[in-house]
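The values are calculated or read from the model by the stated rules, or taken from the named source; none is laboratory data. Just so you know, these numbers come straight off a predicted model, no measurement behind them. Heads up, the Cβs are rebuilt from the backbone with ideal geometry, glycines too, and the neighbour counts pull from every protein chain shown. When the accessible area is computed, the model is the full protein with side chains, heavy atoms only, and any ligands, DNA or RNA have been set aside. Shrake-Rupley method; radii C 1.70, N 1.55, O 1.52, S 1.80 Å.
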Amino acid sequence: MSGPYAVHRTRVEWIDTDAAGIYHNTTVVRFAEAAEAELMRAYDIPGYFPVAPRVRYEVEFEASIRFGEEVETRVELIRLGRSSMTFGFEVWRTAGDGPRRRAARGSYVTVHVPDKEAGGSAPWPAAWRAALGGTGMAADLAEPDARTAH
């Protein structure tokens, strides 16, 4: 991974687990989005979440994480298109009974939908693209027009 990135550290809480104390698969989404929020704060991208719905999500689960264990989630912008962003992420168990171990990894795509009434996607604001290093990126040229109103 080599694009803009952020790291979020937290602990698995009881609400994140099933009755056996093992994290729910949906907890990974929350961890990834918390790291994404760190990224958007670090790069001064205000108002991003209400206009950037997720249109694709993929996760590979590799190890369990249990109640009380510390985790670290790293999210990185791996592709900035005209109206979409693709992120990669990894969730690591950083403390507990065992060694540091990757628990999950995956990717997801967000699309810029600034007008929910009209639907459809629109180009990212120029200031956001510039902040994330998107001006002149080769990946920008290859993106098809993403149309969604999720």
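A few comments on the model shown:
- Every residue from region 100-117 that is at pLDDT below 95 and either crowded, with 21+ Cβ neighbours inside 10 Å or of a type in the set (Asp, Glu) (or both): Asp115, Glu117
- Screening Glu70 against (1) surrounded by fewer than 16 Cβ atoms within 10 Å (Cβ to Cβ); (2) closer than 30 Å to Ala126 by Cα leaves a single unmet condition, (2).
Per-residue answers, yes or no, for (1) within 18 Å of Gly106 (Cβ to Cβ); (2) assigned to a helix (DSSP H, G or I); (3) of a type in the set (Phe, Trp, Tyr):
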residue	(1), (2), (3)
Val7	yes, no, no
Thr10	yes, no, no
Phe31	yes, yes, yes
Arg41	no, yes, no
Ile45	no, no, no
Arg56	yes, no, no
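- Scanning region 1-25 for residues that are closer than 14 Å to Ala103 by Cα, free of Cβ contacts under 8 Å to residues at least 60 places away in the same chain and open to solvent by 90 Å² or more (accessible area, probe 1.4 Å) returns a single hit, Asn25.
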